[in-house]
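Here is the structure we will look at, set down as structure tokens.
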Amino acid sequence: MKTVRAWLTGLLLVGVSMAASAAPYTLNGDWEQGSVLIGSTTPGTKVTFNGRLLTLTPDGKFVFALDRDAPATAELRIKPPGEREIVEQHDVAKRAWDIQPIDGLPPKLVNPPPETEKRIAMEQAKIGAVKKRDTQISDFATPFTWPATGRISGVFGSQRILNGTPKSPHYGVDVAVPIGTPVLAPAGGVVSLAEKDLYFTGGTLIIDHGHGLQSILVHLSKLLVKPGQTVKQGELVAESGMTGRATGPHLHWGLYWFDEHVDAQKFTGDMPAH
Ligand SMILES: [Zn+2]
């Protein structure tokens, strides 16, 4: 009996290892709106996601993401060295977002005053340029940690419709913390933007975790790092606040993969006890 079981176990192990070596890649994450997917493959493999050729880390890791409003299907192409390209169509699950219509507001609260238009456009162009970075930093592949702990007061993807006009969706997670709370780098990387006073976001920090994945931390009262500076996961980078257009003290943390807006809360997992 013992012999049979050992033989069976051995057979199963062989089966598993054969299957593993046959697969051209592994992937962590869900095919769902707002998700980040982290993959691993043989170095030298060409990975293309929705037409974008991805850069790989030296050990074959890669990242791509699905925007809040990602369409129902996405295409992944994998071409291991010397082998045929595999083309996969994946269904992307739709998520339900919290949509709130608010009517009867004075117009000045719905749209920023016209004299601020130029300033806002310049600031958005600056952030837009930072989002294009595709660096060889490999911190994207490490598990992320919360930059601050506290009650979650705003979730990713929600949207207000003010006087019938849909406003930009909420592309981050809000943690209700008092002004001056230490803000820690959710993963290692390089500071790609540090601005004390942007119109919407006030004190704003962007950390590049590599290969297109970046964190934005906003409404900060104090910035403690400079652009170009390398930071480690958990390092003190700022103090929280309520600068910019914040209605109360909190930390807003957003995650981008290039222009795709993704859910930092979902990517990181449960908030630790606080
Ligand atoms: Zn927010």
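The values are calculated or read from the model by the stated rules, or taken from the named source; none is laboratory data. Quantities reported herein were computed from a predicted structural model and do not represent experimental measurements. As a convention, Cβ positions derive from the backbone with ideal geometry for all residues, glycine included, and neighbour counts pool all protein chains shown. These accessible areas exclude ligands, DNA and RNA; they are computed on the full protein's heavy atoms, side chains included. Shrake-Rupley method; radii C 1.70, N 1.55, O 1.52, S 1.80 Å.
Got a sec? Which of 198, 162 is more than 19 Å from residue 141 (Cβ to Cβ), in contact with an Asp or Glu (Cβ under 6 Å, 6 or more places away or on another chain) and in contact (Cβ under 8 Å) with a residue 40 or more places away in the chain?
198
Within region 250-270, how many residues turn out to be within 21 Å of residue 239 (Cα to Cα) and open to solvent by 40 Å² or more (accessible area, probe 1.4 Å)?
Number satisfying all stated conditions: 1.
Which of the residues belonging to region 100-116 are loosely packed, with under 12 Cβ neighbours inside 10 Å and either in contact (Cβ under 8 Å) with a residue 60 or more places away in the chain or assigned to a helix (DSSP H, G or I) (or both)?
Those that are loosely packed, with under 12 Cβ neighbours inside 10 Å and either in contact (Cβ under 8 Å) with a residue 60 or more places away in the chain or assigned to a helix (DSSP H, G or I) (or both): 100, 101, 103, 107, 108, 109, 114, 115.
Give the number of residues within region 219-249 that are part of a strand (DSSP E or B), open to solvent by 70 Å² or more (accessible area, probe 1.4 Å) and within 16 Å of residue 139 (Cβ to Cβ).
1
Please verify whether residue 197 is part of a loop (DSSP other than H, G, I, E, B) and either open to solvent by 60 Å² or more (accessible area, probe 1.4 Å) or modelled with pLDDT of 95 or more (or both), treating the condition exactly as stated.
no
Among the listed residues 117, 85, identify the single one that is out of contact with any helix residue (DSSP H, G or I) (no Cβ under 9 Å at 6 or more places or on another chain) and farther than 30 Å from residue 204 by Cα.
Selected residue: 85, the only one of 117, 85 that is out of contact with any helix residue (DSSP H, G or I) (no Cβ under 9 Å at 6 or more places or on another chain) and farther than 30 Å from residue 204 by Cα.
Report the residue count in region 41-55 for those that are over 15 Å from residue 139 (Cβ atoms) and either surrounded by 14 or more Cβ atoms within 10 Å (Cβ to Cβ) or aromatic (Phe, Trp, Tyr) (or both).
9
Check region 182-189 and report whether any residue there is part of a loop (DSSP other than H, G, I, E, B) and closer than 17 Å to residue 219 by Cα.
Checked region 182-189: at least one residue is part of a loop (DSSP other than H, G, I, E, B) and closer than 17 Å to residue 219 by Cα.
Looking only at region 238-258, which residues are among the hydrophobic types (A, V, I, L, M, F, W, C), touching a residue at least 60 places away in the same chain (Cβ under 8 Å) and either out of contact with any Lys or Arg (no Cβ under 7 Å at 6 or more places or on another chain) or within 16 Å of the ligand (Cβ to nearest atom) (or both)?
Once the filter is applied, which keeps residues that are among the hydrophobic types (A, V, I, L, M, F, W, C), touching a residue at least 60 places away in the same chain (Cβ under 8 Å) and either out of contact with any Lys or Arg (no Cβ under 7 Å at 6 or more places or on another chain) or within 16 Å of the ligand (Cβ to nearest atom) (or both), region 238-258 yields 242, 251, 253, 255, 257.
Scan region 140-158 for residues that are in a loop (DSSP other than H, G, I, E, B), within 11 Å of the ligand (Cβ to nearest atom) and open to solvent by 20 Å² or more (accessible area, probe 1.4 Å) and jot them down.
Within region 140-158, 155, 158 qualify.
Going through region 89-99 one residue at a time, which ones are open to solvent by less than 90 Å² (accessible area, probe 1.4 Å) and either not aliphatic (A, V, I, L, M) or not in a strand (DSSP E or B) (or both)?
90, 92, 95, 97, 98
Might you check whether a residue that is of a type in the set (A, V, I, L, M, F, W, C), within 16 Å of the ligand (Cβ to nearest atom) and open to solvent by 50 Å² or more (accessible area, probe 1.4 Å) occurs anywhere in region 168-191?
yes
Specify the residue that is farthest from the ligand (Cβ to nearest atom); the eligible residues are those in region 207-237 that are closer than 14 Å to residue 187 by Cα and without any contact (Cβ under 8 Å) to a residue 40 or more places away in the chain.
So the residue we want is 229.
Here are the criteria: (1) closer than 26 Å to residue 270 by Cβ; (2) buried (at least 18 other Cβ atoms within 10 Å of the Cβ). Tell me which single one residue 131 does not satisfy.
Unmet condition: (1).
Could you please let me know if residue 71 is open to solvent by 70 Å² or more (accessible area, probe 1.4 Å) and more than 29 Å from residue 49 (Cα to Cα)?
So residue 71 does not fit the description; no.
Out of the residues in region 74-88 meeting the condition of being out of contact with any His (no Cβ under 8 Å at 6 or more places or on another chain) and among the hydrophobic types (A, V, I, L, M, F, W, C), tell me which one is surrounded by the most Cβ atoms within 10 Å (Cβ to Cβ).
78
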